[in-house]
Structure formats: C-alpha cells, structure tokens
Amino acid sequence: MPEARSTGNVIPLRSEEPTDRPVPPPAAVAAPPSAWEQKLAGGLAFVRRRITGDYEIDDFGYDKDLTEHVLLPPLRPLYDKWFRVETRGLDNVPDAGGALIVANHSGTVPVDALMTTLALHDHHPAKRNLRLLAADLVFQLPVVAPVARKSGNTLACNADAERLLSTDELVGVFPEGFKGIGKPFSERYKLQRFGRGGFVSAALRTGKPIIPVSIVGAEEIYPILGNSKTLARLLGLPYVPITPLFPLLGPLGAIPLPSKWIIEFGEPIETAHLGGSAAAEDPMLVFNLTDQVRETIQSTLYTLLMQRRSVFF
Amino acid sequence: MKPRVVLVTGVSRYLGTRLAATLAADPSIERVIGVDTVPPRAEALPQLGRTEFVRADIRNPLIAKVIAQAEVDTVVHMNVIATPLGAGGRTAMKEINVIGTMQLLAACQKAPSMRKLVVKSTTAVYGSSSRDPALFTEDAEPKALPKSGYAKDAVEVEGYVRGFGRRRPDVTLSLLRFTNFIGPVIETPLTRYLSLPVVPTVLGFDPRIQLCHEDDGIEVLRRCALGDHPGIFNVGGTGVLLLSQAIRRVGRPSFPVPAPMVSLVAGAFRRAGLVDFSPEQMRYLEHGRVADVSRLQRELGWGPRPTAQAMQTFVERAPRILNPETVAAAETRLLQALTRTKEPVRA
C-alpha cells in the first residue's frame, strides 16, 4: 500500500517486507508511533500470541507465524552476506499451484535446503513457501523433529508428497539424500543415485510439473575430507564428517566456508499430459523421467561451474 | 434402513449413556437396550429415559440370549475400554475388550435379526512413530503396530470385527476410528493430562494432536446407527494443534522431561493417581498422530467441528492459570511503559 504509506493515515497491518515484524494499526494519537515503537508493538504482539497459543498451524505442523518471525530472520545474513546467493530462473517457478522442486544435495549439513527455502520465500514474486520432504532421521531427533515440522517440512513419503502437491503447495525434494549431502569432497558436483524415483511418481500421480534445480557453492561450505565410520555407527548417524575445521577447531569448525552460491531454477518438466496414475505405474517411464531430471541438473551444474570464476567470489 | 431395536454396549460409561439417551429420544426406534456390567449412575437415569438396562457382562453367553429374545437388529459396540484403572487392572481390561468383543460378535453372528453393527474403535490402531505419514487414511498401513495396552486391544478387536464382517456379509458394518475426545464434560486421560497444574511434556518433541468434540462423536455414532454407512471411517475434527499450543491455550505452564526420564515420571503420575498414561500414549506425546477425516465427511455430508473449536470448548471449562486477557493487559502495560505513550499502541 504505497499510497497509504505516503499520506501517513493508514499503516498496513503487515508490512510488505517479510523482514519486518507486523506493525500495529494506527493509534488514536495525532502523531503516528515511530518505527521502533511499531516494531516493539509487533514483537510484543508476537510474544503474546506465543504465550496464549493464538496462532494457526496446518495439518503438517507448519507454523507460519514462528517460521516468518523467528526461524527465517537469522538465515538472512547468511544468505545475503555470507554466501551472497545468486538466483537464476526464479520465473520458472509458478506463482500458484503445485510443483515439485528437485535439487542436488551437498554440504554436510542441509544448508542448501534452507537457502533454497529462503530464495523462494524472499525473492520469488509470489513469496512461495517451500515444503521440503525430509529424511526419517530428522523426525527421530529431539528438538530437530519439531523444528523441522514447524518450518513446513514433512517426512519424505509418497503419501505426504502427493497430499502437499494436490493442495497446490510447492514441494522440495533432494533425491540423493544422505548419499549426496555426506559425499567426500573429491566427488563434489557428481550427482549420486536418485533414490527409487518416488518423487517422479508423486509428480506423475498429481500431474504437477517437476522443476530441476542446480545449486552451486554448497559443496564447498564444509568440505568432507574423511568420515569417522566407527563414531557414526556408535551415534546411529549416517556419517560423522571430518572437515578442514571440524573437529580440529571444535565448535568453531561449525562455521561454514564463505563460498559464493548460485541457485538455478531450470525449466519445468510437465507431467500432466503423461497420463496420471497409470503413468506412475509404468516403471520404465518413471526411470526415464528420473534420469531426465538427473541429467538436466548434472549438465546445468557443469555449465554453472564453467562460468564460476572462483569458489569464493 | 431405520433400526427397530438397538443394543448399546458400555452404556454406563459417559459416551454410552449419551448415545443411549439420544437414541431413546428418537420415537422411530422401538426399543433401546443398554448393556453394561455396572448400572448407570443415578444422575444419568432421567437422561436415559425409556432405555432398558440389562446388567450383563458381554464376556458372558447371557448376551446372546438378550440379542435373540429382543430381536436386536442394530448393535453399537462401545465397550472397548481405554484405561486399565477404570476396568480394574490391565488383565480385566484386556478381557472386557477382547474376550467381550468375541462373545458379542459370536452372539451377533447367531442372531438372524441382526442388520447393522457399529463399532467404536480408535485411531490409536495406527500407532505413533517418527516414520508416520502426516495424515493416516483409513487404508494406511501402520508403521509400528501398537505393542501394548488399549491400542493393541483395539487392533485385535478390529481383527475380530473384520472376521465377523466376512461371515455375515448381510450385516452393515461401520467401523469408526475416533481421535481423542474432548469437550465441556467428558473425562479422558487427555483431559486429565491437560488439567494438570503443570503439564509434563517430552523434551525436544512437540506432537500434533487431533481432537473430536464429544457431541460430534455422539452425532456420528447416531447417524451410523440410524443410516447405512458401511466401511471404516476416521472420526475427528479437521486441522491440528501442536501439544505445546494446546497447553498454552489452556493457560498452563509445561514442564519438559528428558526422554530417558519419561517413563519414570509417568510411573510417578500413575501411582499418584493423577494421569494414567500407558507406554503407547507416551509415544503419542513424542510423535502424535493425525488422521484424514475426509472419507467420513464425504459419506455423511457432515463432519465433526475442527480440532481448534473442539479445544476451545475444553478451554472454557477449565479455569486457566494464565488468562489471555492478563497477557494482553501485560502487553499493553509493557508497551506503554517502554514507549511512554498514554494511548494504547496495539498490534
């Protein structure tokens, strides 16, 4: 509401900038409250909503209020200043309706998932929320499990993927899973096996487009030089990484290297004309489509790497 | 097809009494017969109206005589008990639930007058685990079958009910899987849990919960007893609440207990007689459980009110320790103190 803002009569309930907290309606005073007062009022209102439980979550446990005011803001400096994420082809993501975002996975810790979420939330014209499909392990871990649900993720299973897609949500999946995120540095930007093609059959059944996404830069944030297999088995984790800084520097090793990122959203691969559920029952079609998506991401990765001048700039 | 003679098992417990009273108020039904091991509470008697009460144990073959003599055509089985304390121990509870159902079904199978069977089951049959889909549909395979308690009984009861359905295909069979009940009156382990002055939770977990308002639950049972709605249906409100959110709405502080300590704390609560939480309910406190209720809504063209609204009726019943008004007033005062304005600046 730019014209309202210029007159100074009406202050929008929620500011356009997602970084801001909600600002209050006009008080019955001559002088409108200053910016910091509005921010303070918004912050206090948020605290009140949390204390009284006065907020809404969806069936999957997605807590929009918490995500936008608490979980996303601390990621923004990382996105803008540390990784200087550059997005390409955001217009390939539809403004409305379901679509399946398929991306390469890397970086030891799923920072690439967070950055892709932020790219779509802050920089897509329709401010889309990405609903990620996460591994089983995520929902077993205390603290991690509820935060994952509240930020809009759900378990990577066909039932959930199809339910989200058919309710016109934007669903994100990293089909490489732990094989991709935990691979050694020497194999960087080489796509691993793409699961069993479950994501393709979900897209086929719902007739939603698949958007291949290539992420460059995440491989270099925590280069995995070795993997402590014994410790991983002991802790029940898929891997325990040894990076140049971890565990050598202890907690300081958790600081990611400031690589320069590019996230490219590729052209959508339409699935609506392929025949719905019948097509999903055709394993050859599913395999071919999986391969097509994988090849697209792989070749885009190579193109982006050729264009990149340096890892850090 | 409208029923002529309806038999309701578990009539002396809250929901059984409510349903029998509702059916008795319907003049199109000739007779309503209630069965239970204990007589209904005295204060429930006027409400029950013309309901005939038979003091019988459904574990006893006597039940077959009742069904045959009265020519019962509709049976509403509500006698699967959730809490061992109410039944007099876990062994007795299991016997009432499983053996009782077997006896009842055996009697129903023999009765030529039988036309309809409505069974009150629970969504607990889906179990509760980290690998669950976000919403269970009626044909979802549970990831981890319940190993103990009420949920295991319910799984076994459902097995016998399905067997009955195969042997008597002429009987309309409605299997209703209810989510947790809540409302202004009903007493369940969940309502007792949410009424604790400080509510213990599992540290690092915040399950999604789904609730069914007691009135809506009765309405679903009534519609299934009167009409023909064959099949398995999840029954509950749409939408979910997080457990933390539910606790905040009832205005109570929560107390997170580390997972290894949970069974210890639960044991202490059980011995103190505060809340009777079984192991599978402890898992529910970690992972929660939500069912897809769209099939019932399609079948009936109506569905129970949303979870948040059902919760609200419970919130209004319990005196809140922390009122939203108090919080809002504190917010206003704090804001006025900080901004030094006389006028309220409210978001």
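The values are calculated or read from the model by the stated rules, or taken from the named source; none is laboratory data. Predicted, not measured: the structure shown is a model, and the values here were computed from it. Here Cβ is always computed from backbone atoms with ideal geometry, including for glycine, and neighbour counts include all displayed protein chains.
Quick notes
- Residues within segment A:168-199 that are among the β-branched types (Val, Ile, Thr) and at pLDDT 95 or above, tallied: 2
- Candidates are the residues of segment A:58-91 that are assigned to a strand (DSSP E or B) and buried (at least 16 other Cβ atoms within 10 Å of the Cβ); the one that is farthest from the chain's Cα centre (by Cα) is A:Asp63.
- Test result for A:Glu176, of a type in the set (D, E, K, R) and under 24 Å from A:Ser299 (Cβ atoms): yes
- Residues of segment B:101-117 include none that is within 14 Å of chain A (Cβ to nearest Cβ) and either more than 20 Å from the chain's Cα centre (by Cα) or modelled with pLDDT under 95 (or both).
For (1) within 14 Å of chain A (Cβ to nearest Cβ); (2) assigned to a helix (DSSP H, G or I); (3) crowded, with 21+ Cβ neighbours inside 10 Å; (4) modelled with pLDDT of 95 or more, each residue gets a yes or a no:
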residue	(1), (2), (3), (4)
B:Ala151	no, yes, yes, no
B:Ser174	no, no, yes, yes
B:Arg177	no, no, yes, yes
B:Cys224	no, yes, yes, yes
B:Phe233	no, no, yes, yes
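- The set of residues from segment A:114-166 being away from chain B (no Cβ under 12 Å), surrounded by 18 or more Cβ atoms within 10 Å (Cβ to Cβ), among the small types (Gly, Ala, Ser) and in a loop (DSSP other than H, G, I, E, B) comprises just one member, A:Ser151.
- Candidates B:Pro344, B:Pro324 - the one that is at pLDDT below 90, in contact with a Ser or Thr (Cβ under 8 Å, 6 or more places away or on another chain) and more than 25 Å from B:Pro207 (Cβ to Cβ): B:Pro344
- Check on B:Arg289, away from chain A (no Cβ under 11 Å), part of a loop (DSSP other than H, G, I, E, B) and touching a strand residue (DSSP E or B) at 6+ places or on another chain (Cβ under 9 Å): yes
- Some residue of segment B:310-318 being out of contact with any strand residue (DSSP E or B) (no Cβ under 6 Å at 6 or more places or on another chain), in a loop (DSSP other than H, G, I, E, B) and under 30 Å from B:Leu226 (Cα atoms): no
- Cβ-Cβ contacts under 7 Å between residues 6 or more apart (or on different chains), taken from a first residue in segment A:51-80 that is within 12 Å of another protein chain (Cβ to nearest Cβ) to a second residue that is hydroxyl-bearing (Ser, Thr, Tyr) and in a loop (DSSP other than H, G, I, E, B), are listed as A:Asp63/A:Tyr55; A:Asp65/A:Tyr55.
- Total residues in segment A:97-113 satisfying the condition of being within 17 Å of A:Glu169 (Cα to Cα) and either out of contact with any Pro (no Cβ under 8 Å at 6 or more places or on another chain) or assigned to a loop (DSSP other than H, G, I, E, B) (or both): the figure is 4.
- Yes/no for B:Thr201 being in contact with a Phe, Trp or Tyr (Cβ under 6 Å, 6 or more places away or on another chain), at pLDDT below 95 and more than 24 Å from B:Gln297 (Cα to Cα): no
- Among residues of segment B:55-112 being of a type in the set (Ser, Thr, Tyr) and part of a helix (DSSP H, G or I), the one that is surrounded by the most Cβ atoms within 10 Å (Cβ to Cβ) is B:Thr101.
- Residues of segment B:236-268 that turn out to be surrounded by 13 or more Cβ atoms within 10 Å (Cβ to Cβ) and within 12 Å of chain A (Cβ to nearest Cβ), as a count: 22
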